Amino acid sequence: MRSMNPVAVRPPRRRVRAESRVVAMFDMDKTIISQNSSSLYMKYRYQRGEVTGWELIKGLGAYMRYKAGILDISAWTKSMMLEFKGQSEAELEQWAREWFEEMVAETIYPEAEEAIREHQGRGHAVLIVSGATKFVVQPLADRLGIEHILYTRLEVEEGRFTGRVVEPICFEEGKIYWLQQFIEEQGIDLARSYFYTDSVTDMPLLDLVGHPVVTNPDPLLYRAAVKRRWPVRFFRDPEVPAAR
């Protein structure tokens, strides 16, 4: 898998340390929700007759290549976003909220929601950091009362998608690139902050915070967590209706 050059994170410049804030950051797929959002998206479109069985299989195959660490995420994201060229941003936002209510809301881990509520109760800023687009992440953030999100951005002109992605995508060091602005704007103290994730691809961000929390880890991340003595949590699957 290709990765970008590391992006250095500077300490906040705009606020003194006495005013610094703690942030609890959460990955989305397999961390807040028990499923992969891209797979749920493909299944939903298949059920609505918008994609063929072969297209569904290709989408699930891409997910398997991602889990195996052999998918070029940047190239795959760019190719996938071409299908939205010319589509209305408002229409996609409405479609995504319907998809979220039907397929995603029921996959939220109870323990993830509890952790989010705990951080909110302690006055921490809570942030979802995901490689998905705003249309996938925003409905989840709204459901959980999360104010801040970082996501892969799509280029829009006059209310319609151009088919291009605003680079870098919010993945691996790309997450750190977009996080930099948030850190400076919010006056975040990373040494006191938290990051929850399941994926070894998030190692660059785990290394930045004072409190890394590994959740439902993939094998590579589990080994790294044990070696570094990071806390590991395994969330129970939410109770999904049998019809699913």
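The values are calculated or read from the model by the stated rules, or taken from the named source; none is laboratory data. If you're wondering where the values come from, they're calculated on a predicted model, not measured in any experiment. Here the Cβ positions follow ideal geometry from the backbone for every residue, glycine too, while neighbour counts run over all protein chains shown.
Numbers at a glance
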{"read-out": "Residue within the stretch 23-37 that is at pLDDT 65 or above, surrounded by 15 or more Cβ atoms within 10 Å (Cβ to Cβ) and in a helix (DSSP H, G or I) present", "value": "yes"}
{"read-out": "Options Arg223, Arg229, Arg244; residue that is modelled with pLDDT under 90 and either of a type in the set (D, E, K, R) or under 21 Å from Ala24 (Cα atoms) (or both)", "value": "Arg244"}
{"read-out": "Subset of the stretch 197-223 (residues that are closer than 17 Å to His124 by Cβ, surrounded by 21 or more Cβ atoms within 10 Å (Cβ to Cβ) and of a type outside the set (Val, Ile, Thr))", "value": "Leu205, Pro212"}
{"read-out": "Test: residue in the stretch 201-218 that is part of a loop (DSSP other than H, G, I, E, B), touching a helix residue (DSSP H, G or I) at 6+ places or on another chain (Cβ under 7 Å) and among the aliphatic types (A, V, I, L, M)", "value": "yes"}
{"read-out": "Close pairs (8 angstrom Cβ cut-off, 6 or more residues apart or separate chains): within 13 Å of Ser34 (Cα to Cα) and surrounded by 10 or more Cβ atoms within 10 Å (Cβ to Cβ) in the stretch 233-244, at pLDDT 90 or above and among the aliphatic types (A, V, I, L, M) anywhere", "value": "Phe235/Ala112; Pro238/Ile108"}
{"read-out": "Cβ-Cβ under 9 Å pairs, at least 6 apart or on other chains, the stretch 71-97 side crowded, with 16+ Cβ neighbours inside 10 Å and modelled with pLDDT of 70 or more, far side among the β-branched types (Val, Ile, Thr) and part of a helix (DSSP H, G or I)", "value": "Ala96/Val136"}
{"read-out": "Meets criteria (surrounded by fewer than 21 Cβ atoms within 10 Å (Cβ to Cβ), over 18 Å from the mean Cα position of the chain (by Cα), under 30 Å from Met103 (Cβ atoms) and among the hydroxyl-bearing types (Ser, Thr, Tyr)) for Tyr194", "value": "no"}
{"read-out": "Residue in the stretch 181-199 that is outside any helix (DSSP H, G or I), among the charged types (D, E, K, R) and without any contact (Cβ under 8 Å) to a residue 40 or more places away in the chain present", "value": "no"}
{"read-out": "Residue count, the stretch 120-160 (criterion: surrounded by 21 or more Cβ atoms within 10 Å (Cβ to Cβ) and within 18 Å of Arg233 (Cβ to Cβ))", "value": "3"}
{"read-out": "Selection within the stretch 133-150 - among the aliphatic types (A, V, I, L, M) and either closer than 18 Å to Glu91 by Cβ or touching a residue at least 24 places away in the same chain (Cβ under 8 Å) (or both)", "value": "Val136, Val137, Leu140, Leu144, Ile146, Leu150"}
{"read-out": "Residue match in the stretch 184-191 (condition: within 16 Å of the chain's Cα centre (by Cα), modelled with pLDDT of 90 or more and over 16 Å from Ala75 (Cα atoms))", "value": "no"}
